[in-house]
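Note sheet for the following structure.
The values are calculated or read from the model by the stated rules, or taken from the named source; none is laboratory data. Bear in mind the structure is a predicted one, so any value in this text is a computation, not a measurement. Here the Cβ positions follow ideal geometry from the backbone for every residue, glycine too, while neighbour counts run over all protein chains shown. Heavy atoms of the whole protein, side chains included, go into the accessibility calculation; ligands, DNA and RNA do not. Shrake-Rupley method; radii C 1.70, N 1.55, O 1.52, S 1.80 Å.
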Amino acid sequence: MLCRECGCVRPDVNLSIIFTEQLLLRRPAAAAACGFDAVELWWPFKSASPGAREIEDLVDALGEAGVTLVALNFDAGTMADGERGLVSIPGQERRFRDSVDTAVGFAEQVGCRAFNALYGNRVTGVEPQAQDDLALENLTYATEAVSGIGGFVLIETQNAADSPRYPIRRLADAIIVVDRVSELVGVRNVALLADLYHLHRAGEDLAATVTKFGSRIGHVQVADDPGRHQPGTGAINFETALNALTAEGYDGYIGLEYNPLGPSADSFAWLPMERRRTRWGQEVSQ
């Protein structure tokens, strides 16, 4: 289970993987009905350059539900088909950058400031260095774009079992990318996304890893391992990991990014209602 005494972080619900029983535009209200006031999303639009009405509908759905979007993925390709980002994929430069432009405009309307840039799988027949050079160009574009609204870009790891062609598998790999982009752009609005499920599945010692990189972590996501279901269904010691994280000063959101075991609304039983809307350890203000 997560640390129930920790008062330094608060949860948000990933609406791209939870509440999938419902249409996307109904999910913000579903999260609010379960007591949450913060959500995150993978790329939610049908294309990298959606029409104004598609964007407006999502803005309205979030506003009417009274939830805040705290993190958003740039277009990462077709996740269901195994794609894991466009940042390093030759031929996808325009699509990625169009999604950056769309994300910035959308985020200005809803207050989101954290943007996840999934790196992309290795491509057969393309030199890894060529992909890495392209990634640096695309990430530079993204960090400069989001800096205009006070935003920051996140670099995420994946695990080899789930994403065998994804090259960033440990936070030590991700920090190399973060530092290269920061050095090139000259600002530090690039940070690590620590997904505890992926890190655990990759064999990392979670407490040691978040202690080492805690000051560079900009967002955290959780799911239990094995199964990628809600906390309490697997073997991860979330309390130890999150205590280590908050000891390093992390005070951001914890994204609930899991495949619910059972109905989505029932998958939050591990998290008391009073811990869903405010910082854990505090009561809901009336």
- prompt: To the nearest 0.05, how large is the calculated FRET efficiency for residue 26 and residue 123 if R₀ is 30 Å and r is the Cβ-Cβ distance?
  reply: 0.25
message: Expected output is a single nm value to one decimal: the length gained when fully extending between residue 248 and residue 81, i.e. 0.36 nm times separation in residues minus the C-alpha distance. What is it?
response: 56.4 nm
query: What residues have an amide H closer than 5 Å to that of residue 34, excluding those fewer than 5 places away on the same chain, when H is modeled at 1.01 Å from N in the peptide plane?
result: none
field: Surface per residue (accessible, 1.4 Å probe) for the chain, Å²
entry: 42
task: Just read off the accessible area of residue 113 with the full protein assembly in place, 1.4 Å probe, to the nearest 10 Å².
output: 80
statement: Amide H neighbours of residue 119 at under 5 Å, excluding residues fewer than 5 places away on the same chain, with H built from the backbone geometry, are 156
- prompt: Once fully extended, how much extra length lies between residue 56 and residue 183, figured as 0.36 nm per residue of separation less the alpha-carbon to alpha-carbon distance?
  reply: 42.1 nm
query: Sorting 188, 169 by accessible area (1.4 Å probe), largest first, what list results?
result: 188, 169
statement: Descending accessible area (1.4 Å probe), largest on the left, turns 79, 273 into 273, 79
- line: Going residue by residue through segment 62-72, the Karplus relation 6.51 cos²θ - 1.76 cosθ + 1.60 with θ = phi - 60° gives ³J(HN,Hα) values, rounded to whole Hz and with x marking Gly or Pro, of 5, x, 5, 7, x, 10, 9, 7, 10, 7, 9
Descending semi-axes in whole angstrom, ellipsoid equivalent of the chain, from the Cα gyration tensor: 27, 23, 18
statement: Taking the dipole of the chain about the Cα centre (Lys, Arg +1; Asp, Glu -1; charges at Cβ), the one of 217, 148, 116 that reaches farthest to the positive side is 217
- request: Could you point to the residue in 182, 135, 171 farthest towards the positive end of segment 106-185's charge dipole, with +1 and -1 charges on the Cβ of Lys/Arg and Asp/Glu respectively?
  value: 171
- prompt: What number comes out for the charge environment of residue 260, summing +1 per Lys or Arg and -1 per Asp or Glu over other residues with Cβ under 13 Å away?
  reply: -2
query: Which value, in Å² rounded to 10, gives the accessible area of residue 40 with a 1.4 Å probe and all protein chains present?
result: 0
- line: Note to self, the chain gives a 222 nm [θ] from helices alone (DSSP H runs n ≥ 4, -39500 (n - 2.57) apiece, / all residues, nearest 500) of -10500 deg cm²/dmol
- line: About its Cα centre, segment 1-160 carries a charge dipole, from +1 on Lys and Arg Cβ atoms and -1 on Asp and Glu Cβ atoms, whose size in debye to the nearest 20 is 260
- request: At 0.36 nm per residue, minus the direct Cα-Cα distance, what do residue 149 and residue 273 gain on full extension? Give it in nm, one decimal, please.
  value: 41.4 nm
query: Given H placed on each backbone N at 1.01 Å, which residues far from residue 69 in sequence or on other chains put an amide H within less than 5 Å of it?
result: 39
task: Quantify, in whole percent, the carbon and sulfur part of the accessible surface of the chain (1.4 Å probe; protein heavy atoms only).
output: 48
